Amino acid sequence: LVGEAAEKSFPSLVLSPNTMTFALARAILAEHEIGRFQLSAAFARLVLRDPDLAGALQQRLLGLVGADHCIEAATSTGAGDRYARDLAERFREMVPRSAELDIVRDAILLGVGVGQKVWWWRDDLGEYIEVLEPWPIDSVEYDPIACQWYALAQRGRLPISADDPGWLLYTPWSEREPYFYGAIRQIAEWYLRASNAARDYGRFIELSGQ
């Protein structure tokens with residue numbers, strides 16, 4: 001892609017905490033476990049309303065922000081050293097911090113993060129620069145029968161893979177069915193129990209006048 005990015009095919013869903021039930025959460029997780037993430041991505045955004053969960057996630061992401069990147073030359077030649085220095089200088093332009101954190105956040109919560117590599121023209125440099133842009137995880141699907149990932153874009157269902165030059169597929173926990181290891185599967189019912197308890201206690205305080 002040069003100068004333009006694929007566009008997602010539909011807007012992100014927003015779930016209301018007032019309508020979330022254990023039955024609905026289990027149905028959402030069942031869909032997540034067959035490789036469809038539109039509802040589980042919305043559920044992940046909902047659980048981040050919990051300050052403890054949001055704080056724990058932000059603490060880990062801040063640890064990533066503080067980490068240094070080291071780019072070394074692939075060869076010991078002068079050309080290899082120059083290329084490594086040039087790449088190191090441009091790294092944050094090519095991989096914006098916000099894009100990196102979006103992709104890692106998706107991988108932590110849902111087990112997979114996806115980015116799109118787009119070439120943008122730089123007038124000041126007189127050349128194209130490859131830039132990583134986060135792809136919304138709710139516009140991603142996995143076909144477990146064909147073992148194929150797809151990006152759901154306006155121009156169709158685009159197949160993507162780990163070796164695709166136009167995409168980044170980040171699956172840190174597993175190369176097979178990584179979405180089974182996303183945190184949303186472990187924290188979904190815990191979040192609902194904590195949320196319901198806090199809501200019920202708040203109502204008790206209102207009714208008792210304490």
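The values are calculated or read from the model by the stated rules, or taken from the named source; none is laboratory data. Just so it is clear, the structure is predicted and the values come from calculations on it, not from any experiment. Note that each Cβ is placed from the backbone with ideal geometry, even for glycine, and that neighbours are counted across all protein chains shown. Ligands, DNA and RNA are excluded from the accessible area calculation, which covers all protein heavy atoms including side chains. Shrake-Rupley method; radii C 1.70, N 1.55, O 1.52, S 1.80 Å.
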Using a 1.4 Å probe, what is the accessible area per residue for region 96-178, in Å²?
-> 51
Which angle from 0 to 90°, rounded to the nearest 10, does the C-alpha axis of helix 38-47 make with the longest principal axis of the chain?
-> 70
What is the distance, in nm, between label points placed 7 Å from the Cα along the Cα-to-Cβ direction at residue 155 and at residue 82?
-> 3.5
Where does the chain land at 222 nm, in deg cm²/dmol rounded to the nearest 500, when only DSSP H runs of n ≥ 4 count, each adding -39500 (n - 2.57), divided by all residues?
-> -14500 deg cm²/dmol
Report, to the nearest whole %, how much of the accessible area of the chain belongs to carbon and sulfur atoms, 1.4 Å probe, protein only.
-> 54
Can you tell me the equivalent ellipsoid semi-axes for the chain? Use √(5λ) from the Cα gyration tensor, largest first, whole Å.
-> 38, 21, 16
Projected onto their principal axes, the Cα atoms of region 1-117 stretch, largest extent first, over whole-Å spans of 62, 33, 22
Placing each pseudo-label 7 Å from Cα in the direction of the beta carbon, residue 18 and residue 145 end up separated by a distance in nanometres of 4.1
Convex hull (Cα only) mean projected area of region 25-87, reported in nm² to one decimal | 7.3
Taking the DSSP beta bridges in the chain as the whole, what percent of them are antiparallel, to the nearest 5?
-> 95
For region 105-202, what is the largest minus smallest coordinate of the Cα atoms on each principal axis, given in angstrom and ordered from greatest to least?
-> 62, 38, 26
Which loop-located GluC sites (Glu not before Pro) does region 112-205 contain, where loop means any DSSP state but H, G, I, E or B and the Cβ has at most 10 other Cβ atoms within 10 Å?
-> 175
Paramagnetic reach from residue 90 in region 124-147 [backbone N under 18 Å; point 7 Å along Cα→Cβ] = 124-133
With at most 13 other Cβ atoms within 10 Å, longest stretch of the chain clear of loop trypsin sites (Lys or Arg not before Pro) (DSSP) | 50-154
Expressed in µm² per second, the diffusion coefficient of region 54-123 from the Stokes-Einstein equation, with Rh the Kirkwood radius over alpha carbon pairs, at 37 °C and 0.692 mPa s, is 230
